[in-house]
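To start, the structure under review is shown below, and the notes come after it.
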Amino acid sequence: MGMPSRPTLIVRSLVAGRRSVVSSTAPRSAPADPASEALGGARLLSAYRTMVLARALDERCLALQRQGRIGFYAPHSGEEAALVGSAMAMEPDDWIFPAYRELTVALVRGTSLQSVVDQLFADAGDASKGRQMPNHFAFREQHFVSVSSPIGTQITHAVGAAMAARYRKAPVATITYFGDGATSSNDFHAGLNFAGVFRAPTIFFCQNNEWAISLPRERQTRSATLAMKAEAYGFPGVVVDGNDVGEVYRAVRAARHRAVAGEGPTLIEAQVYRLGPHSTSDDPRRYRNDQEVEAARGRDPIHRLRTELTKAGAWDDARDAALVEDLRGTIAAAIARAEATPPVDPLSLFDDVFARATPRLEAEREECAAHPAAERKSP
């Protein structure tokens, strides 16, 4: 595999009147005290724009599923600061092992909005060729490993990849995302124990959004925090306010510095709140009340950062309204292109089976291709 291009996400901005970089993970030398590094200036504005994009896309995708235009979606409203802050703290050569709410991480690392939408529609532009269910993204150039539905399996994969990087003496770290529910999985124990023993350069990023589908945090564990579980495995655990993008960024930068310096893994617990359903298959009104959700909306990470930027004189209501309008238009255009794109060619099912197709596979492909197109049309 060749070296990936430096990931940037370009989004048209009516605010600036030109195309502007929403986020960049360009490599920089680690400071003496990485925990003191802060997001500021243009980078903080980039973080905000990405968070607004993520929220707008989240709302649109929920509507698409309810309209029957896509089959499935896992929303992440309320978790934007944790996702953007952590993603911006990683480097292009690092590897991402997501759960299923990390769409925003892929955008930060340079995945195009069109690629994301094409995957949701499983059209001919889908890099996965329609072989994964919607919202199960994989973007090789951005080192974004395929989402997997089973709980926690990505944790052990991240540790294995980190150990491979260590053996190769590559200055690379891995970060794996999971929810509070995954801390009860077998893979959580196995992954953290192995990483602790062998000092794997891995960052375990737990988004504690207070609900494992319908199971509340207090029914999950008696531990005072989830981060303290790291102590049993011999490495640090850190609790951060997941609604504060700067605090998340600093914590992940410090953890990455430890990892590539050979000091081992870190478990970060980002305390957030899932404002929407667990997925489009879920009705959260059955297990939580409106008062709880409204209280969480008062801690909305987007509102929090917008207030901070406005007080600093870097933002205002007019620019905010223009940004939202522009991003909604950009999302609508990407959806229109996806719906106008033909479906995946059914014959692509013969691709990628072997590095070099066998004679039998070639014969099967020819036999399938000989059938009339109407008989092998995608459903």
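Readers should treat all values here as calculations from the given coordinates under stated rules, not as data from a laboratory. No experiment lies behind these values; they were computed from the predicted model shown. Please note: Cβ atoms are built from the backbone with ideal geometry, for glycine as well, and neighbour counts cover all protein chains shown.
Å³ per residue of the Cα convex hull, for segment 219-329? Walk me through the intermediate numbers first.
Working: hull volume 20.4 nm³, N = 111.
Considering the Cα atoms of segment 219-329, their hull volume per residue is 184 Å³.
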Subject >> Full-stretch length increase - ASP345, ASP316 - with 0.36 nm per residue and alpha-carbon distance subtracted >> reply: 5.7 nm
**OP:** Mind ranking 147-154, 114-121 by how tightly packed they are, going by the mean number of other C-beta atoms within 10 angstrom, highest first?
**Re:** 114-121, 147-154
**OP:** Taking only Cα atoms and a 10 Å spring cutoff, compute GNM fluctuations for the chain and point out the largest among GLN142, GLN67, GLN220.
**Re:** GLN67
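Rounded, prolate or oblate for segment 53-132? Axes are the square roots of the Cα gyration tensor eigenvalues, ordered a ≥ b ≥ c, and the cut-off for rounded is a/c under 1.5.
Details: a/c = 2.24, a/b = 1.34, b/c = 1.67.
Oblate is the answer for segment 53-132, as a/c is 1.5 or above yet b/c matches or exceeds a/b.
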Subject >> Cβ-based net charge around ALA232, under 15 Å, with every Lys or Arg adding one and every Asp or Glu removing one >> reply: 0
Original post:
Can you work out the FRET efficiency for the pair ALA63 and LYS169, with r the C-beta to C-beta distance and R0 = 35 Å, to the nearest 0.05?
Top reply: 0.15
Original post:
In Å and whole numbers, how far do the C-alpha atoms of segment 103-168 stretch along each principal axis, longest first?
Top reply: 38, 25, 19
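Mind checking which helices in the chain clear 27 Å along their axis (Cα) and have mean Kyte-Doolittle hydropathy of -1.0 or more, DSSP H runs only?
Details: long enough: 41-66 (39 Å, 0.16); 317-340 (35 Å, 0.20).
Sorted by number, the helices that extend far enough and score high enough are 41-66, 317-340.
When the helix-only estimate is applied to the chain (DSSP H runs of n ≥ 4, each -39,500 (n - 2.57), divided by the residue count), what is the mean residue ellipticity at 222 nm, nearest 500 deg cm²/dmol? Display every interim value, and only then the final one.
Values: 12 runs with 152 residues, N = 379.
Calculated at 222 nm, the ellipticity per residue is -12500 deg cm²/dmol.
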Original post:
What's the long-distance tail for the chain, i.e. % of Cα pairs beyond 33 Å?
Top reply: 31 percent
**OP:** Order the peptides 295-305, 362-372 from the highest to the lowest mean number of other Cβ atoms within 10 Å of their residues.
**Re:** 295-305, 362-372
**OP:** Any chance you could run the full-extension gain for GLU292 through VAL197? It's 0.36 nm times the residue separation minus the Cα-Cα distance, nm to one decimal.
**Re:** 30.2 nm
Original post:
When the gyration tensor of segment 146-295 is built from Cα positions, what are the square roots of 5 times its three eigenvalues, in whole Å, from largest to smallest?
Top reply: 28, 16, 14
**OP:** Calculate the spin-label point distance for SER214 paired with ALA42, positioning each point 7 Å from the Cα along the beta-carbon direction, and give it in nanometres.
**Re:** 5.0 nm
**OP:** Starting from the Cα-Cα distance between ALA333 and SER223, subtract it from 0.36 nm times their residue separation and give me the gain in nm to one decimal.
**Re:** 34.9 nm
Original post:
Computed on alpha carbon atoms, what radius of gyration and Dmax characterise segment 98-234, expressed in Å?
Top reply: 16.0, 48
